[in-house]
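Read the figures in this text as sums done on the coordinates, not as results from a lab. Quantities reported herein were computed from a predicted structural model and do not represent experimental measurements. Heads up, the Cβs are rebuilt from the backbone with ideal geometry, glycines too, and the neighbour counts pull from every protein chain shown.
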């Protein structure tokens, strides 16, 4: 008797011998199509009431969902597209951050340049003030030198 489709089981020696005798051996007798050793079963007989009939639970066979079936076949493409989208979005984010950082650096440079110019202007103003103060001090000294001292 052949085994089920689940797994391969080798035939027993009796099964091999029976196969050899009924199908391979080339003698003149015709090969039987029905196993003559099997007991004859009367189809009109009713089963014995002592044997309770066992029924197996019916479990409907589920049809595979198409999207998961498609995903099983194309998972490499989906993974590649997902990774590609991640790389592109990460690259876009990095470029945006670099551009923003570059703009901020430019603004800071402009502020520093403005502060440097302002410091230079203040230094020049301070020098002019010093020169002006020195001239005023010299002028006052000259006036004091002209006035005779009394004591």
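Data table
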| quantity | calculated |
| --- | --- |
| FRET efficiency estimate (nearest 0.05) - Cβ-Cβ, residue 100 to residue 128, R0 30 angstrom | 0.10 |
| FRET efficiency, residue 87 to residue 115 (Cβ-Cβ, R0 41 Å, nearest 0.05) | 0.50 |
